[in-house]
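The values are calculated or read from the model by the stated rules, or taken from the named source; none is laboratory data. What you see is a predicted model; the values in this text were computed from it and never measured. When we count neighbours, we look across all protein chains shown, and the Cβ atoms used for this are built from the backbone with ideal geometry, even at glycine.
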Amino acid sequence: MTSIRTKISLQHRRPKIFFGGLINSSANLYVFAAQRRRMQTPTFPIWHFPIGRFVKVTRLVHPLSVSVFLALLVVSAHAQFQLRVTSAVDSTAYPELSVTVQCTLGGNPSTLDDAGILIASSRYSIRPLRVQTLDTSRGIVRITWLADPRLQTEPYSKIIAWKNGAGASDSVRLPRLPIVRATNQRAEPIEEIALGIIPPNVTTTARFYLQLLAGRYNADGTNELPITIDSIVTSSPIFRVEWIGWSGTQSSLPTKVYSPLLYLIRVHCQPPDTNFYSGTVTIYYDGALSYTIPISCNQFPLPAPQKLRFTWPRGNELLTPCSDVT
């Protein structure tokens, strides 16, 4: 089965539906609907069907028809909103980062606003700080955001934007910037701090480490720079943090942190009862940046086992806990 990987938009009168297509060896055309709408075209009737479902639309009689149809799809796709990164990431105002993009809508220059933009990796996304139109006649826009350690774990980020219901994206390589993470004593990364079950009014102390996995370089690229830890706070009075520092020699904040050393942080917890408590530990560094890790203690009550009822594709199937699904 051959896949049309580009996102495609067809419009005949109203409304608009976005598609991806699949054509198999029998020249059957399938479309993937991104919106739940009803649309009627002169040649290909498309009716009301669920989001995310491949639906057979029609049989294309001749392979030439497939080529003509695909050509029409490509032309239609080029008439939509497009975004292209036109500069490298500017980190001279670190911790602010910026990039310049060019936008077109239907082949004409277009602008953006910050409500329709994301900077994203494969796991996380953030909103920009500012969106500035530099040249309206050419559709040149500068997008500025705060450096985020969650994005720095991958070499590229995507600039994703929406305009008039259409989306577009382009990738940009990130410069070398500080990567901050929480680890255990073996320098293995951790994503949360679970303190387990703690009796009421009993203090439990846990530890984790802050590591600067990689730092940014100075202007001439000869030295790796440290970061400055400004403060560490928790979102709940149940949890209290204590900065110890490197090699067990306690220091006060703010302080410098160097790659790739491990800096000890202790967390003290004294719950008043056996209820479940959760919060966050947030580490502020380099004046405007932060790194947050979830923290919790005790357990929350679980309801009695519930059956899950499916409504698609056949409907009315019941899934019970621990049952096998094929």
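Figures for the structure shown
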{"read-out": "Condition check for residue 195: under 24 Å from the mean Cα position of the chain (by Cα) and buried (at least 19 other Cβ atoms within 10 Å of the Cβ)", "value": "no"}
{"read-out": "Residue, farthest from the chain's Cα centre (by Cα), within region 135-162, restricted to residues that are assigned to a loop (DSSP other than H, G, I, E, B) and either over 21 Å from residue 290 (Cα atoms) or at pLDDT 95 or above (or both)", "value": "137"}
{"read-out": "Meets criteria (without any contact (Cβ under 8 Å) to a residue 12 or more places away in the chain, surrounded by 13 or more Cβ atoms within 10 Å (Cβ to Cβ) and not basic (Lys, Arg)) for residue 278", "value": "no"}
{"read-out": "Among residues of region 290-326, those that are β-branched (Val, Ile, Thr) and farther than 30 Å from residue 207 by Cα, counted", "value": "4"}
{"read-out": "Out of 165, 139, sole residue that is in contact with a Cys (Cβ under 6 Å, 6 or more places away or on another chain) and in contact (Cβ under 8 Å) with a residue 24 or more places away in the chain", "value": "139"}
{"read-out": "Some residue of region 286-303 being over 19 Å from residue 152 (Cα atoms), among the hydrophobic types (A, V, I, L, M, F, W, C), touching a residue at least 60 places away in the same chain (Cβ under 8 Å) and not in a strand (DSSP E or B)", "value": "no"}
{"read-out": "Looking only at region 198-252, and only at residues there that are over 23 Å from residue 290 (Cβ atoms) and modelled with pLDDT of 90 or more, the one that is surrounded by the most Cβ atoms within 10 Å (Cβ to Cβ)", "value": "198"}
{"read-out": "Residue count for region 112-156, restricted to those that are of a type in the set (S, T, N, Q) and closer than 14 Å to residue 169 by Cα", "value": "3"}
{"read-out": "Criterion violated by residue 132 - all others in (1) at pLDDT 90 or above; (2) under 30 Å from residue 226 (Cβ atoms); (3) not hydrophobic (A, V, I, L, M, F, W, C) satisfied", "value": "(2)"}
{"read-out": "Leading residue by the ranking (farthest from residue 183 (Cα to Cα)) among those in region 226-270 that are in contact with a Pro (Cβ under 8 Å, 6 or more places away or on another chain) and outside any strand (DSSP E or B)", "value": "238"}
{"read-out": "Of all residues in region 154-192 being within 16 Å of residue 283 (Cβ to Cβ) and either in contact with a Pro (Cβ under 6 Å, 6 or more places away or on another chain) or among the β-branched types (Val, Ile, Thr) (or both), the one that is surrounded by the most Cβ atoms within 10 Å (Cβ to Cβ)", "value": "180"}
{"read-out": "Every residue from region 163-197 that is at pLDDT below 90, assigned to a loop (DSSP other than H, G, I, E, B) and among the basic types (Lys, Arg)", "value": "176"}
{"read-out": "Residue 273 being of a type in the set (D, E, K, R), in contact (Cβ under 8 Å) with a residue 60 or more places away in the chain and either farther than 18 Å from residue 211 by Cβ or assigned to a strand (DSSP E or B) (or both)", "value": "yes"}
{"read-out": "Any hit, region 310-320, residues being touching a strand residue (DSSP E or B) at 6+ places or on another chain (Cβ under 8 Å), among the polar types (S, T, N, Q) and modelled with pLDDT of 85 or more", "value": "no"}
